[in-house]
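Undergrad: There's a structure below that I have some questions on.
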Amino acid sequence: MAVETQLPYDKQYITEYSDKRNEPNWFKDIRLKGLELSEELPMPVVKKTRIRNWNFTNFKHDVAGEKISSFDELPERIRALLDEDSDNNNLIIVRNNDVAYASLEDSLKDQGVIFTDIFTAMNEHSDLVQKHFMQEGVKVDENKMTARHAALLNSGIFLYVPKKVVVEQPIQVIFWQEDQEAAFFNHVLLVAEEQSEVTYVENYVSENDEEETVANIVSEVFAHDASKVSYGAVDHFAKGTTSYVNRRGTVGRDATLEWALGQMNDGNTISENITNLMGENALSHAKAVSVGRGNQAQDFTANIRHFGKASEGYILQHGVMKDQSSAIFNGIGKIEHGASKSNAEQESRVLMLSEGARGDANPILLIDEDDVTAGHAASVGRVDPLQLFYLMSRGISQHEAERLVIHGFLDPVVREIPIKTVQKQLREVIEGKVN
Amino acid sequence: MAASTLEIKNLHVQIEGEEILKGVNLTIRGGEFHAVMGPNGTGKSTLASAIMGHPKFEITEGEVFLDGENVLEMEVDERAQAGLFLAMQYPSEISGVTNSDFLRSSINAHREEGDEIPLMKFIKEMDGAMDDLEIDKNMAQRYLNEGFSGGEKKRNEILQLMMLKPAIAILDEIDSGLDIDALKVVANGINKMRNEEFGCLIITHYQRLLDYITPDHVHVMMQGRVVKSGGPELAHRLEAEGYDWIKEELGIDDETVGQKA
Ligand SMILES: Nc1ncnc2c1ncn2[C@@H]1O[C@H](COP(=O)(O)OP(=O)(O)OP(=O)(O)O)[C@@H](O)[C@H]1O
Ligand SMILES: [Mg+2]
């Protein structure tokens with residue numbers, strides 16, 4: 001298979017695309033810079049996973065999606081993602097590259113909360129978006145994928161919570177890749193101002209087992225001083241989608257950022273989650289679960305960098321590998337000089353269910369400061385026969401016993417997903433993947 | 001349900017090529033309590049685990065029957081469903097699986113599909129048994145045995161026993177690690193199970209458990225077999241005099257399984 005590494009899109013295409021969307025000039029400039037850089041920059045560094053033959057260039061870039069007027073128009077598997085415990089008042093459904101449904105409670109609007117697609121946001125709140133978009137968080141020139149992301153961005157969300165506003169209900173976005181070849185160059189920009197609180201959950205779904213396409217996703221989260229952000233995600237792209245996912249957090253003084261990521265893609269995936277603890281007492285938990293199956297290859301990185309004094313970072317990643325799947329779990333805790341009294345902990349565990357599966361955990365601690373605490377634990381293993389014996393000695397079948405052990409292994413992360421319905425749905429995805 | 005009978009006939013067991021049980025014979029009938037005693041390393045846990053189907057042990061000779069059914073041909077879960085139960089000396093810890101989910105799965109595994117125990121009934125039974133065993137209620141939502149103290153693990157084994165109500169139970173050192181009060185509580189729990197149908201094999205090192213649970217029969221294991229059997233008085237004599245007199249009587253120098261008889 002001959003694999004193209006350069007995109008079939010040029011300056012003219014990008015300019016026209018931007019004009020069609022009525023984008024501000026500053027944004028068009030970012031796109032054009034991204035296009036230029038995407039040709040010269042290297043791919044992101046992925047050790048131990050061969051990405052040379054992955055499809056990064058074959059996709060449809062601009063695919064419309066129909067609006068819906070009622071949830072009844074949604075297929076069952078999308079409807080199943082809706083929060084049963086709420087009226088779904090704070091929800092956006094993105095269908096291919098358009099918004100199919102959008103709603104935000106009036107009381108939140110009145111308090112200044114902004115929750116809208118990114119194109120609307122860059123027109124209506126140009127300054128706010130410009131200030132945060134690919135500046136301090138993910139940069140356009142990091143690698144070929146981030147540059148390409150900037151150039152081809154075709155959907156996205158802006159969520160803004162003003163100072164001291166506490167959003168009680170979770171905010172949810174469903175990204176539905178309905179067209180089997182539609183690509184997501186999707187950007188999530190979440191800004192929580194000082195002392196605000198918000199819980200955000202996103203679902204990515206597609207069904208393209210045969211057709212090829214790509215997902216290039218960048219999330220930037222700004223948890224400003226003393227804010228609390230909880231970010232949950234269930235990534236569930238089908239086999240045909242090659243995914244590049246880059247979720248980045250910037251955490252201020254006394255602020256907290258909690259990640260709970262269900263990395264359930266069925267296609268080849270590079271997923272990195274970096275959190276910069278900038279302020280004193282900044283805190284982050286980065287929790288992630290993954291299940292690999294079939295022939296998919298995946299590379300996961302959870303990285304917390306400590307800049308602020310007494311900042312705390314906890315990485316927890318658990319992966320289950322079956323069939324011929326392979327995955328690398330990199331865990332990186334970095335304490336910069338000056339970040340004294342900080343604590344960097346990480347735990348990576350991989351459970352392999354078949355002879356052909358391959359899993360690897362790479363714990364790394366990089367410490368440039370004396371007065372800190374840090375620790376790591378990593379393991380790669382198989383289901384413990386004594387655990388199965390114990391469960392089966394109570395009458396539980398081998399199949400059920402294995403199920404319990406696997407779900408149990410992933411549960412520490414699953415139960416952290418902020419919306420109960422999404423938790424339940426993640427459990428079902430896991431069930432479907434491990435059975 | 002009529003009383004069950006567990007028959008162990010000439011059982012030989014190997015682990016990694018080494019023979020550990022060298023011909024054990026024992027019959028436990030419903031309604032009977034048997035105690036198995038014996039010095040460390042004489043094959044007591046091996047006997048218990050082999051009956052239940054521990055993956056590491058290989059049966060090289062002999063038979064085990066439960067009501068005439070060949071236990072050794074059954075999978076581990078089938079043995080449990082047939083009515084066997086083993087309270088383990090060292091129960092496994094299983095992260096992410098709550099005690100209560102595990103218990104409910106276990107109970108449902110003993111029932112037909114479509115006839116699962118109603119949630120409220122389950123909770124009521126579990127609460128009742130936890131009260132009997134003076135187990136803190138929040139243990140139900142904790143992960144199975146994870147971080148449990150030694151004594152908590154033992155109580156949790158008996159909790160499972162009380163909820164699963166097997167025909168024949170084997171309790172491997174259920175008293176080790178228990179303080180005096182806990183010992184009484186656990187013994188009470190086991191005594192509550194006592195009826196004409198329930199048979200029990202209790203492996204223990206100490207008379208103090210047998211002070212609360214009086215056995216009908218006492219057996220002593222050495223060198224991988226049962227070398228002496230008697231009534232409750234045998235346990236009293238062991239408590240008072242130790243094992244030397246038996247070794248002398250039988251001409252045994254080294255009681256562990258490594259020795260050829
Ligand atoms: N998994 C194993 N691997 C290797 N040897 C084993 C294993 N299990 C048991 N053995 C050996 O078999 C012998 C009998 O062990 P067993 O656990 O049955 O003794 P026990 O009578 O229960 O002792 P204790 O009173 O200390 O619990 C010992 O020598 C022990 O080391
Ligand atoms: Mg033992």
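Undergrad: So, with a 1.4 angstrom probe, what is the percent of accessible area on region A:11-308 that is carbon and sulfur?
TA: The value for region A:11-308 is 42 percent carbon and sulfur by accessible area.
Undergrad: Less than 18 Å apart at the alpha-carbon level, and either on another chain or at least 8 residues along: which lysines does that give for A:LYS433?
TA: A:LYS239, A:LYS322, A:LYS424
Undergrad: Averaged per residue, what accessible surface does the protein assembly as shown expose to a 1.4 Å probe, in Å²?
TA: With all protein chains present, the protein assembly as shown gives 40 Å² per residue.
Undergrad: Okay, moving on. Leaving ligands, DNA and RNA out of it, work out the accessible area of B:HIS110 with a 1.4 Å probe and give it in Å² to the nearest 10.
TA: B:HIS110 exposes around 70 Å² with every protein chain in place.
Undergrad: Something else now. Taking the Cα centroid of region A:49-72 and of region A:206-283, what is the distance between the two, rounded to the nearest whole Å?
TA: Taking the Cα centre of each part, region A:49-72 and region A:206-283 sit 18 Å apart.
Undergrad: Sticking with this structure for a sec: Quick one: compute the contact order of chain A, relative version, from alpha carbon pairs under 8 angstrom and 6+ residues apart, as a percent.
TA: Numbers: 1174 pairs, mean separation 47.7, N = 435.
Relative contact order for chain A comes out at 11 percent.
Undergrad: Mind checking which aspartates and glutamates have their C-alpha under 16 Å from B:LYS184, skipping anything on the same chain fewer than 8 residues away?
TA: Within the straight-line limit of under 16 Å, B:LYS184 reaches these aspartates and glutamates: B:ASP131, B:ASP132, B:GLU134, B:GLU152, B:GLU157, B:GLU173, B:ASP175, B:ASP211.
Undergrad: For region A:11-308, place one equal point scatterer on every Cα, skip the solvent, and apply the Debye formula. What is log10 of I(q)/I(0) at q = 0.15, 0.16 Å⁻¹?
TA: Debye curve over Cα of region A:11-308, log10 I(q)/I(0) at q = 0.15, 0.16 Å⁻¹: -1.24, -1.43.
Undergrad: While we're looking at this one, here's another question. Distance between the C-alpha centers of region A:377-435 and region A:359-374? Whole Å please.
TA: For region A:377-435 versus region A:359-374, the Cα centre distance is 28 Å.
Undergrad: So which residues in region A:398-435 end up with at least 50 square angstrom less accessible surface once the other protein chains are there, compared with the chain by itself, probe 1.4 angstrom?
TA: Buried on complex formation: A:LEU404.
Undergrad: May I ask you to list, by number, the DSSP H helices of chain B whose Cα span along the axis is at least 18 Å and whose average Kyte-Doolittle hydropathy reaches 0.5 or more?
TA: Numbers: long enough: B:119-132 (20 Å, -0.26); B:150-164 (22 Å, -0.49); B:180-193 (20 Å, 0.57).
Result, helices passing both filters: B:180-193.
Undergrad: Relative contact order for chain B: what percent, with Cα pairs under 8 Å and sequence separation of 6 or more?
TA: Here the relative contact order equals 29 percent.
Undergrad: Using a 1.4 angstrom probe and counting only protein chains, how large is the accessible area of A:MET278 in Å², to 10?
TA: 90
Undergrad: Give, as a single signed number, the net charge of other residues whose beta carbon lies under 15 Å from the beta carbon of A:GLY381, with Lys and Arg counted +1 and Asp and Glu -1.
TA: -2
Undergrad: Of the accessible area of chain B, with the probe set at 1.4 angstrom, what percent is carbon plus sulfur?
TA: 44
Undergrad: Using the Cα gyration tensor of region A:88-138, with a ≥ b ≥ c the square roots of its eigenvalues, what is the shape: rounded (a/c below 1.5), prolate (a/b larger than b/c) or oblate (neither)?
TA: Verdict is oblate for region A:88-138.
Undergrad: Only Cα pairs within less than 10 Å get springs; with that Gaussian network setup on chain B, which residue of B:GLY224, B:GLY114, B:GLY38 has the largest fluctuation?
TA: B:GLY114
Undergrad: How would you classify chain B from its alpha-carbon gyration tensor, with a ≥ b ≥ c the square roots of the eigenvalues: rounded for a/c under 1.5, else prolate if a/b is greater than b/c, otherwise oblate?
TA: Prolate, because a/c is 1.5 or more and a/b exceeds b/c.
Undergrad: Provide a list, ordered by number, of residues in region A:382-397 showing at least 30 Å² less accessible area with every protein chain present than when their chain is taken on its own, using a 1.4 Å probe.
TA: A:LEU386, A:GLN387, A:PHE389, A:TYR390, A:LEU391, A:MET392, A:SER393, A:ARG394, A:GLY395, A:ILE396
Undergrad: If you take the charge dipole of chain A about its Cα centre, with +1 on Lys and Arg Cβ and -1 on Asp and Glu Cβ, which of A:PHE222, A:GLY319, A:PHE175 is farthest toward its positive end?
TA: My answer, from the dipole projection, is A:GLY319.
Undergrad: Same structure, new question: DSSP loop (so not H, G, I, E, B), at most 13 other Cβ within 10 Å: list which trypsin sites (Lys or Arg not before Pro) in region A:1-64 pass both filters.
TA: A:LYS47, A:LYS48, A:ARG50, A:ARG52
Undergrad: Given R₀ = 35 Å, what would the calculated FRET efficiency be for A:THR15 paired with A:MET43, taking r from the Cβ atoms and rounding to 0.05? Each step should come with its number before you reach the end.
TA: On the way: r = 26 Å, r/R0 = 0.73.
Using R0 = 35 Å, I get an efficiency of 0.85.
Undergrad: Could you calculate the FRET efficiency of A:LYS131 with A:LYS33 from 1/(1 + (r/R0)^6), where r is the beta carbon distance between them and R0 is 25 Å, rounded to 0.05?
TA: 0.90
Undergrad: In debye, nearest 20, what is the charge dipole magnitude of region A:11-308 about its Cα centre with +1 on Lys and Arg Cβ and -1 on Asp and Glu Cβ, if you could check?
TA: Result for region A:11-308 is approximately 1220 debye, rounded to the nearest 20.
Undergrad: How would you classify region B:1-122 from its alpha-carbon gyration tensor, with a ≥ b ≥ c the square roots of the eigenvalues: rounded for a/c under 1.5, else prolate if a/b is greater than b/c, otherwise oblate?
TA: The shape class here is prolate.
Undergrad: Once every DSSP H run of n ≥ 4 in the protein assembly as shown is given -39500 (n - 2.57) and the sum is divided by its residues, what mean residue ellipticity at 222 nm do you get, rounded to the nearest 500 deg cm²/dmol?
TA: Computed ellipticity for the protein assembly as shown at 222 nm equals -8000 deg cm²/dmol.
Undergrad: Semi-axes of the equivalent ellipsoid for region A:189-242, please: Cα gyration tensor eigenvalues, times 5, square-rooted, ordered largest first, whole Å.
TA: 32, 10, 5
Undergrad: Which whole-number percentage describes the relative contact order of region A:1-126, with Cα contacts under 8 Å and a sequence gap of 6 or more?
TA: Worked out over region A:1-126, it gives 25 percent.
Undergrad: Viscosity 1.567 mPa s, temperature 4 °C: give me the Stokes-Einstein translational D for the protein assembly as shown in µm²/s, with Rh taken as the Kirkwood radius over C-alpha pairs.
TA: 45
Undergrad: Could you check the simple spin-label distance between A:HIS399 and A:LEU366, using points 7 Å along Cα→Cβ, in nm with one decimal?
TA: 4.7
Undergrad: Could I ask something else about it? Counting GluC sites (Glu not before Pro) as exposed when in a DSSP loop with at most 13 other beta carbons within 10 Å, what is the longest stretch of chain A free of them? Walk me through the numbers before you get to the answer.
TA: Details: sites that count: A:GLU4, A:GLU66, A:GLU84, A:GLU168, A:GLU210, A:GLU355.
Between exposed loop sites, the widest span is A:211-354.
Undergrad: Mind checking the dipole of the protein assembly as shown: about its Cα centre, +1 per Lys or Arg Cβ, -1 per Asp or Glu Cβ, Debye to the nearest 20?
TA: For this selection, approximately 820 debye.
Undergrad: Which residues, if any, in region B:91-112 lose at least 40 square angstrom of accessible heavy-atom surface (probe 1.4 Å) when the other protein chains sit next to their chain rather than the chain being alone?
TA: Buried by 40 Å² or more upon assembly, which counts only protein chains, are B:SER92, B:ILE94, B:VAL97, B:PHE102, B:SER105.
Undergrad: Okay, moving on. Tell me: how much accessible area in total is hidden between B and A, 1.4 Å probe, Å², nearest 100?
TA: 2000
The values are calculated or read from the model by the stated rules, or taken from the named source; none is laboratory data. The model shown is predicted, which means the values in this text are computed figures rather than measured ones. Cβ: placed from backbone, ideal geometry, glycine included. Neighbour counts: every protein chain shown. Heavy atoms of the whole protein, side chains included, go into the accessibility calculation; ligands, DNA and RNA do not. Shrake-Rupley method; radii C 1.70, N 1.55, O 1.52, S 1.80 Å.
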